[in-house]
Amino acid sequence: MAERAIHIAPSILSADFADLGREIAAVEAAGADFVHVDVMDGHFVPNLTIGPQVCAALRSHVTTVMDVHLMIAPTDPLLPAFAQAGADILTVHPEAGPHLDRTLQTIRALGKKAGVALNPATPPEAIAYVLDRIDLVCVMSVNPGFGGQGFISAQLDKIRKVRALIGARPIWLQVDGGVTPATAPDVVAAGADVLVAGSAVFKGGGASRAEVYSANIAALRAAAAHLPPAAP
Ligand code: DX5
Ligand code: ZN
């Protein structure tokens, strides 16, 4: 099989919320491929983060891909607002609504790429009949709601199954939660090509200490390529 390019998607959930514009510029300068924005509603998940207005404010700071992960229920009423806010990818949870196929059609009709995120207990087959409507599958390797949780290794089997379901389709296979240089090799070996990482990218850094972000992203890339980390 051809080598897949690995994309790194820092989750700004672990960034400094008082300085998000500069944090985004810093991780992009450090080599991020996507900027992952975690939207939480305090209902579908037990945490509250940001809404469409903040996404719209962040848009002008993103020069790569604005990857918006919607952990909200219901999802459909807010899709136009997040599309208007400038998201490039809108990822929804099938567990958050009754009509996934319709939701995915709505996202594409809004001109956006459509993603489906699978909670740890949701089987890979949840995407089996919507594969032609999606651009990204996100395997959650933690229960959504918080950054900094431990990777759930049972999800490796799901990543392999999703990779097989995707086949030759041009669909990204993203993994979200607990991705670090320690877990990335297994995640990539199982078939992922987009690694979301919050704490592993932002730890030890700050917009004024962006060299830390470069080192953290390089460590993830090296692990994904099964290379030893670069000397400090
Ligand atoms: C969890 C979010 C993740 C999270 C990842 O609900 O969807 O994107 O921020 O954070 P880490 O990489 O710290 O597990
Ligand atoms: Zn996420």
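Odds and ends about this structure:
Here's the yes/no breakdown for (1) more than 10 Å from ligand 1 (Cβ to nearest atom); (2) in contact with a strand residue (DSSP E or B) (Cβ under 6 Å, 6 or more places away or on another chain); (3) outside any helix (DSSP H, G or I):
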| position | (1), (2), (3) |
| --- | --- |
| 182 | yes, no, yes |
| 185 | yes, no, no |
| 188 | yes, no, no |
| 200 | no, no, no |
| 213 | yes, no, no |
| 217 | yes, yes, no |
| 223 | yes, no, no |
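- Residue within the stretch 101-115 that is assigned to a strand (DSSP E or B), within 17 Å of the chain's Cα centre (by Cα) and of a type in the set (A, V, I, L, M) present: yes
- In the stretch 133-144 there is no residue matching the filter, namely being out of contact with any strand residue (DSSP E or B) (no Cβ under 6 Å at 6 or more places or on another chain), surrounded by fewer than 15 Cβ atoms within 10 Å (Cβ to Cβ) and part of a helix (DSSP H, G or I).
Conditions (1) over 30 Å from residue 164 (Cβ atoms); (2) touching a Phe, Trp or Tyr at 6+ places or on another chain (Cβ under 7 Å); (3) in contact (Cβ under 8 Å) with a residue 40 or more places away in the chain, marked per residue:
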site	(1), (2), (3)
6	no, no, yes
28	yes, no, no
39	no, no, yes
48	yes, no, no
56	yes, no, no
61	yes, no, yes
89	no, no, yes
92	no, no, no
97	no, no, no
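- Enumeration of residues in the stretch 122-154 that are within 16 Å of ligand 1 (Cβ to nearest atom) and within 16 Å of residue 94 (Cβ to Cβ): 122, 136, 137, 138, 139, 140, 143, 144
- Annotation: of all residues in the stretch 102-132 being closer than 17 Å to residue 46 by Cβ and crowded, with 17+ Cβ neighbours inside 10 Å, the one that is nearest to ligand 2 (Cβ to nearest atom) is 117.
Taken together, the values in this text are just the output of simple stated rules run on the coordinates, not laboratory data. Not measured: the values here are computed from a predicted model. Virtual Cβ from ideal backbone geometry, glycine too; neighbours counted across all protein chains shown.
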